[in-house]
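A short reminder: the numbers here are calculations on the coordinates, not readings from a lab. What you see is a predicted model; the values in this text were computed from it and never measured. Every residue, glycine among them, receives a Cβ derived from its backbone with ideal geometry; neighbour counts consider all protein chains shown.
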Amino acid sequence: MDMPVTEIDARFSDSSAAATEWAETRLTLETAELFWICTVRADGRPHVTPLVAVYLDARIYFCTGATEQKFLNLSNNAHVILMTGANSWDTGLDVVVEGDAHQVTDEDLLRQLAEAWTRKWDGRWQFGVHDGAFQHPDGGGAALVFSVKPAKVLAFAKGSFSHTRHRF
């Protein structure tokens, strides 16, 4: 993946703040335990819900059931925002990713992703792969997997406040 163009937005940053380096932003995406996803309903209203995701090979991957609102929304509009960060005012880094979600059905990639889910959460999230989707081990049905290649990533550092934009 090409390195993004990184720039600080001085309008929303402390005068002494520096841009958040891509390496730090990427580490936040790789280690985040929880993301919030925003999709758009058919009538234009936003829908936001928490989910677990994996950042791997410059993409964020998440899964959803075929009857869940986010899947229904993605059927009509691929634009998404994924957010993660710290729920505090003056410490941490909040990250917002903009991009389009595309369903993943390649079973070799799905097996890699299933292993990544297992590793990231110490075995608490385990999936099999069958028919181009994740399968819950308890027979709970399929989980459809989506990939988001970031188009723009915003990083909001707290403490020494900065607003950084990474464009791809």
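Among the chymotrypsin sites (Phe, Trp or Tyr not before Pro) within the stretch 26-88, not one is in coil by DSSP while having at most 10 neighbouring Cβ atoms inside 10 Å. Comparing SER13, SER88, SER75 in a Gaussian network model of the chain (Cα springs below 10 Å), the most mobile by mean-square fluctuation is SER88. The base-10 log of I(q)/I(0) for the chain, evaluated at q = 0.21 Å⁻¹, reads -1.39 [Debye formula, identical scatterers on Cα atoms, solvent excluded].
Maximal additional length on extending the TRP121-SER160 stretch stands at 10.9 nm, based on 0.36 nm per residue less the C-alpha distance. Site pair GLU21 and MET3 shows an inter-label distance of 1.0 nm when each label is modelled 7 Å from Cα along Cα→Cβ. Potential lengthening of the chain between GLU30 and LEU109 amounts to 26.7 nm, from the contour at 0.36 nm per residue minus the alpha-carbon distance.
So which trypsin sites (Lys or Arg not before Pro) in the stretch 90-168 are both in a DSSP loop and have at most 12 other Cβ atoms within 10 Å of their Cβ? Mind dumping the intermediate values first?
Details: sites: ARG111, ARG119, LYS120, ARG124, LYS152, LYS158, ARG165, ARG167; in loops: ARG124, LYS158.
The qualifying sites are ARG124.
Dipole of the stretch 1-118, Cα-centred, from +1 at each Lys and Arg C-beta and -1 at each Asp and Glu C-beta, to the nearest 20 debye? Working shown, then result.
Details: 7 positive and 19 negative charges, 97 e Å.
Here the stretch 1-118 has a charge dipole of around 460 debye.
Axis angle, to the nearest 10 degrees, between helix 22-31 and the longest C-alpha principal axis of the chain: 40 degrees.
Under 28 Å of direct C-alpha separation, and excluding same-chain neighbours fewer than eight residues apart, LYS158 reaches these lysines: LYS120, LYS149.
Shape analysis of the stretch 48-88 places it in the prolate category; the axes a ≥ b ≥ c from the Cα gyration tensor give an a/c of at least 1.5, with a/b above b/c.
Here the label points at HIS130 and ARG41, each 7 Å from Cα along the C-beta direction, are separated by 3.4 nm in the simple model.
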